[in-house]
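The values are calculated or read from the model by the stated rules, or taken from the named source; none is laboratory data. All values reported here derive from a predicted model rather than from experimental measurement. Counting neighbours? That spans all protein chains shown, and the Cβs are built from the backbone with ideal geometry, glycine included. Heavy atoms of the whole protein, side chains included, go into the accessibility calculation; ligands, DNA and RNA do not. Shrake-Rupley method; radii C 1.70, N 1.55, O 1.52, S 1.80 Å.
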Amino acid sequence: MKNFSSCFAIGALLLGVACSKPGPDDAAHDAVGRYVKTNLPDPESYEVVRFGRSTSFTRQDSAAHEATLLHDHLPYLEAAEARALEQYKKAGASNKASSFFETEKAYKKATEAKLQAQRDEKALTMVRDTARLGTLFMHTYKAKNKSGAAVVDSAQFLVYKNGAVETL
């Protein structure tokens with residue numbers, strides 16, 4: 001009986017130590033909490049609603065995210081190129097050499113910017129490096145906005161290995 005109670009006490013002690021041990025995402029959750037608080041109008045009103053399941057964020061994920069951002073920016077570059085082309089054509093019709101060369105230069109610059117973005121996007125989609133950069137997860141929280149109303153908000157956060165936090 002004495003042996004059983006000793007085993008039970010040791011088991012309970014080990015279970016207590018295991019339960020109080022911080023989880024692998026606790027440091028990331030704390031870093032995000034500090035990050036969110038520093039960006040709130042009323043940091044004291046911050047309340048955690050939920051942390052989503054964490055996933056590993058790799059160099060490949062980072063490159064894919066950057067490629068998406070570039071892809072989303074391409075219509076703006078194409079519009080800038082079209083405006084520059086229109087100005088170039090107008091300058092050619094006006095027979096003013098100075099404005100013609102200026103607009104030609106602007107058109108070439110806009111075209112090169114668009115082509116470079118397309119090349120960069122393609123290169124980023126080819127990245128296959130799976131080195132882990134950090135942890136990615138959704139975080140939902142409650143806080144007061146500038147007018148004092150309590151609102152629920154959420155965002156996707158990336159916590160790098162060094163503890164730096166970024167909103168995606």
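Side notes on the structure shown:
- 5 Å binning of all Cα-Cα separations within the range 43-115, expressed as whole percents from 0 upward: 3, 14, 13, 11, 10, 9, 8, 7, 6, 6, 5, 4, 2, 0
- Neighbourhood charge, 11 Å Cβ-Cβ cut-off, centred on residue 118 and excluding it, Lys, Arg +1 and Asp, Glu -1: -1
- Modelled label reach - residue 168, point 7 Å along Cα→Cβ, the range 40-56 residues with backbone N closer than 14 Å: 52-56
- Carbon-plus-sulfur accessible fraction, the range 52-126 (probe radius 1.4 Å, protein heavy atoms only): 57%.
- Kyte-Doolittle mean at least -0.5, axial Cα span of 20 Å or more - DSSP H helices of the chain: 2-20
- Mean Cβ count within 10 Å, highest first, over the residues of peptides 75-87, 131-143: 131-143, 75-87
- Modelled label reach - residue 34, point 7 Å along Cα→Cβ, the range 151-167 residues with backbone N closer than 12 Å: 162-165
- Summary value for the range 16-168: 35 percent relative contact order, contacts being C-alpha pairs under 8 angstrom separated by 6+ residues.
- A P(r) calculated from all alpha carbon pairs of the range 111-156, with 10 Å bins opening at zero, reads 19, 21, 21, 23, 15 percent.
- Kirkwood Rh, angstrom, the chain [1 / mean 1/r, Cα pairs]: 21.0
- Solvent-accessible surface of the range 82-164, taken per residue with a 1.4 Å probe and all protein chains present: 67 Å².
- Global geometry of the range 61-156, whether rounded, prolate or oblate, following the gyration tensor of its Cα atoms and the 1.5 cut on a/c: oblate
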